[in-house]
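The values are calculated or read from the model by the stated rules, or taken from the named source; none is laboratory data. Just so it is clear, the structure is predicted and the values come from calculations on it, not from any experiment. FYI the Cβ positions are ideal-geometry reconstructions off the backbone, even for glycines, and counts take in every protein chain you see.
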Amino acid sequence: MLNTCSLRDSTNGLYYPPMVVQVKPRIRYSSKTMEGNQQKVEVNILLLGAENVGKSALTVRFLTRRFIGEYGDIESIYSHTDKIDGRDICFNIWDSLCPQNGEESGYFNDRQLQWADGYILVYSICDRASFNVVRQQVQCIQQAKQKLASTAQIIIVGNKRDLQHRRTVSSEEGRLLALSADCGFFEVSAAETYHGVLMVFHELFELIREARALKKGPAGFKGIVRSMSAVFGRKRTE
Ligand SMILES: Nc1nc2c(ncn2[C@@H]2O[C@H](COP(=O)(O)OP(=O)(O)OP(=O)(O)O)[C@@H](O)[C@H]2O)c(=O)[nH]1
């Protein structure tokens, strides 16, 4: 079952437990909404990875700054507003469930691919199989991106950094994978620190923002030309 949950803005320090407000995912194809006169930037982020790697732990850490240990297996979409450079950014975060053995759909479906502006692909540094899953997911997403002409961005995250004594995937392997696929890379511990997790989400937002700006390039230039013509045109008639 998929729940849509909402937590209050972190900027005022108030947090509320997630509340189920609807059972279907909120699919938004538009990345921006207007609130009053201010344009509010929205990004859709999909968390993927094998079972038990800490997808929910990372999500809950970002939303509440807390690590609660056990998370259940409910698939959820959360909405959370954070301030970056003085601007309200709305993060819609889809904490997905890893498909169980026997499920035909592979790692993700078309609806998720159309929805996502960015992906956080999570593995556990103590679980090599989960690293291999991320390797395959990167390939699948890159292929799908080409097909959909999508500019979605990817960050690879090695979680459970606190469990060094059980490490089976080196930092270099993670970094190399990210480098070869042109993705961002972080190693974090959702259990130990909030800051590392915050950096993952903020860096992904930056990558998405840059990709959107690049895509908009020529239109942006036309916009400047239009504004200049409007100004000079008006002056001529005064
Ligand atoms: N030591 C340690 N344990 C962690 C960390 N992150 C998550 N865990 C634990 O790993 C287990 C799985 O965490 P979840 O967040 O439920 O993992 P998930 O990827 O959402 O799992 P699924 O819902 O099954 O796909 C839980 O027992 C967490 O407490 C971490 O950074 N360090």
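Only one residue in ARG212, ARG226 is in a helix (DSSP H, G or I), at pLDDT below 95 and surrounded by 15 or more Cβ atoms within 10 Å (Cβ to Cβ), so which one is that?
From the options ARG212, ARG226, the qualifying one is ARG212.
Where residues in region 172-195 are touching a residue at least 24 places away in the same chain (Cβ under 8 Å) and among the small types (Gly, Ala, Ser), which of them is surrounded by the most Cβ atoms within 10 Å (Cβ to Cβ)?
ALA190
Spot the failing condition for PHE108; the list is (1) closer than 23 Å to ASP182 by Cβ; (2) modelled with pLDDT of 90 or more, and only one is missed.
Tallying (1) closer than 23 Å to ASP182 by Cβ; (2) modelled with pLDDT of 90 or more, PHE108 fails exactly one: (2).
How many residues are among the polar types (S, T, N, Q) and either within 27 Å of LYS216 (Cβ to Cβ) or not in a helix (DSSP H, G or I) (or both) when one looks only at region 170-191?
Number satisfying all stated conditions: 2.
Regarding SER171, is this residue of a type in the set (S, T, N, Q) and at pLDDT below 95?
Values: of a type in the set (S, T, N, Q): yes; at pLDDT below 95: no.
So SER171 does not fit the description; no.
Report yes if ILE125 is free of Cβ contacts under 8 Å to residues at least 60 places away in the same chain and buried (at least 19 other Cβ atoms within 10 Å of the Cβ), otherwise no.
No.
Of the residues that make up region 138-156, is at least one touching a Gly at 6+ places or on another chain (Cβ under 8 Å) and modelled with pLDDT under 95?
The answer is yes, given that some residue of region 138-156 is touching a Gly at 6+ places or on another chain (Cβ under 8 Å) and modelled with pLDDT under 95.
Here's a check for you: in region 151-169, which residue that is buried (at least 22 other Cβ atoms within 10 Å of the Cβ) and in a strand (DSSP E or B) is farthest from the ligand (Cβ to nearest atom)?
Among those residues, the one meeting the criterion is GLN153.
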